[in-house]
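In what follows, a structure is listed as structure tokens, so that the remarks can point back to it.
The values are calculated or read from the model by the stated rules, or taken from the named source; none is laboratory data. Worth saying up front: this structure is predicted, and the values here are computed from it rather than measured. Positions of Cβ are generated from backbone atoms using ideal geometry, with glycine treated the same way; all protein chains shown enter the neighbour counts.
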Amino acid sequence: MHHRSGRKTAILISLVFCVPALVLFQSFAAMAANANQGLVNSGGVMPSDGALSGWVINSVSPGRNVVINFYLDSSAASHGSLIGSAKANITNYQANYRFPQAKGNHGFYFRIPPRLHDGRNHTVYVQPVNADGTISDPIYNGVVSFSLPPRQSVASPPAAAPECIAANSRCPSVSDDYLEPNYGSAKGWSDGTNYFKKWGCKSTAGFNNIARLNIIPLGTMGPNIYKDSGADWEGEGDAIYFDLANLGAVGQWSMKKAVYNSSLNKWEIFSVLDNPKIKGGISSHAGIGPSFVMNDYALPGFGPSTPVPGPQNKIPGVSKVSANSEIPSYPLVGSGPLGITAMTHTVYPVSPGKPAGPQGQTCLHVNPKLLDYDAQGVPHTLLVNIYKLPKTDPFPLPPGAPVAQLPAGNYLYRFKGATLGWQLDLNAGMITDSLSDPNHRADLTPRYLVGTKHGLVSTNWYDGAVVDFIDLDKPVSNNAKRVLDCSASGIHIGDVSGSADRLYFAAANPNLKLERQKYHLSDKVPVPVDLFYAFKQPVLQR
């Protein structure tokens, strides 16, 4: 490529880690007059999570998404080292608001490579690529100096350390998710709003208050950060577990623990299970302490698996060999056509329009839940959601099963001893239907054990903001009781856990596109969610 001479001067801004994002604007006309090939832009900035962001619009061809190159320590003309590129095609709220005539999205986001988190002074030149392949001068405000502190090494996954998985653990995060101390978490236990009243909720169980917990509120998150699967584990007080995805990095998912520190008046966030290397992830936890099950997105069928091997795990029927080479992930096993091993490893053709990989071509065992604990704390029943894509199709059973297929839904597995392991219980039938409306848009997935050993709380993302209690000892026709109904608000609730007196859940406002714009989230974030807590007043506040 050849450099094209253009604007001769560039503005140097010195920014360091944890400096708030800075956005500078000129008028459309002024910027067009001073830019190469009609490029108008807002300069590269250094947000608090170690990344360059901004926007670029080509005034001659405003529908074209401009490619941005990033050069280290010198410009392209001076033979600077190209460290990466980004396409200006993501949502940028300021650009869309100021220049509605430029249709589409024209924002860019480029994360500084980990090798440059070395404590040294560096400069990055942010330079657009012209339509003919030549390189323009740096954009306005697009020569950025920075110094980023070294990050803890992720050469070997720390998840195998027992202390990180044990109850009351306090392990720092090492995955590439830019959590504390890089994110400044909000002060306070909640934001002070009673969402039960704001959303016009109703409850037959006595809930009268819903708090939005200040666990990395959306407004303090980077554009690619995504929270999911909020849950409290049994026997660990007020610790809240949740998944965190960095959808702009290679290691996408990790499991976190949030503990409210009353002396500091803020939530502290610790690591439970890091996944710093693979494009996979973990979610939907259920269990007691280290003996919990989870989905592992890198495995066929998404799990269920557990990070503790068989002999050391209170969960029976767990493999002694990790099925994931990068993090400890020991699948639950069962022999024969109804055994859980055959079910999770049955691969079907890729569904039309669906991606390749576990989600696109295998039966799924998602959102596993453990039940029927004995006096020693050993569970004997597992509830899973099974289906194949598309969800409207019946679910085929492996060859040799008593029936050829089942409707998609939630079913029970029973532990049948060391030889048989975990076996699908056809006699119990389908616990709840996975296809929840005429359009088959979502699955209804029971969540967490509550009250008795056969009770679960459940929610459905697309049925509105409702939470039901399901009594598994009653016939399916009359086993559900609606304990929370916020459907008048139009919000979405998912991943509920808790007890008869308190519920934790993830929720999002109805207009997800507006939420992304409001909090400057990229389109990669599928659902902008926060973590909420429903309870009964009066209670002892923090």
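Some observations on this one:
- PRO304 being more than 23 Å from ALA167 (Cβ to Cβ) and buried (at least 20 other Cβ atoms within 10 Å of the Cβ): no
- Out of VAL527, VAL483, VAL476, one residue alone is aliphatic (A, V, I, L, M), closer than 21 Å to TYR195 by Cβ and modelled with pLDDT under 85. It is VAL527.
- One residue stands out among those in the range 184-198 that are over 20 Å from ALA258 (Cα atoms) and surrounded by 19 or more Cβ atoms within 10 Å (Cβ to Cβ): the one that is nearest to the chain's Cα centre (by Cα), which is TYR195.
Residue-by-condition table, conditions (1) among the charged types (D, E, K, R); (2) modelled with pLDDT under 80; (3) under 13 Å from ASN105 (Cα atoms); (4) not in a strand (DSSP E or B):
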site: ALA33; (1), (2), (3), (4): no, yes, no, yes
site: GLN37; (1), (2), (3), (4): no, yes, no, yes
site: VAL40; (1), (2), (3), (4): no, yes, no, no
site: PRO47; (1), (2), (3), (4): no, yes, no, yes
site: TRP55; (1), (2), (3), (4): no, no, yes, no
site: VAL60; (1), (2), (3), (4): no, yes, no, yes
site: ASN69; (1), (2), (3), (4): no, no, no, no
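- Flag if TYR125 is part of a loop (DSSP other than H, G, I, E, B), among the hydroxyl-bearing types (Ser, Thr, Tyr) and assigned by TED's automatic domain parsing to the domain that holds SER74: no
- Search result, residues across the range 476-521 that are among the β-branched types (Val, Ile, Thr) and assigned to a loop (DSSP other than H, G, I, E, B): ILE491
Conditions tested, residue by residue: (1) of a type in the set (A, V, I, L, M, F, W, C); (2) modelled with pLDDT of 85 or more; (3) crowded, with 17+ Cβ neighbours inside 10 Å; (4) assigned by TED's automatic domain parsing to the domain that holds GLY188.
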position: GLY237; (1), (2), (3), (4): no, no, no, yes
position: PHE242; (1), (2), (3), (4): yes, yes, yes, yes
position: GLY251; (1), (2), (3), (4): no, no, yes, yes
position: MET255; (1), (2), (3), (4): yes, no, yes, yes
position: TYR260; (1), (2), (3), (4): no, yes, yes, yes
position: ASN265; (1), (2), (3), (4): no, yes, no, yes
position: ILE269; (1), (2), (3), (4): yes, no, yes, yes
position: VAL272; (1), (2), (3), (4): yes, no, yes, yes
position: ASN275; (1), (2), (3), (4): no, no, yes, yes
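Here is a yes/no grid of residues against (1) under 15 Å from the mean Cα position of the chain (by Cα); (2) over 20 Å from SER229 (Cβ atoms):
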| position | (1), (2) |
| --- | --- |
| GLY281 | yes, no |
| ILE288 | no, no |
| TYR297 | yes, no |
| LYS314 | no, yes |
| VAL318 | no, yes |
| SER325 | no, yes |
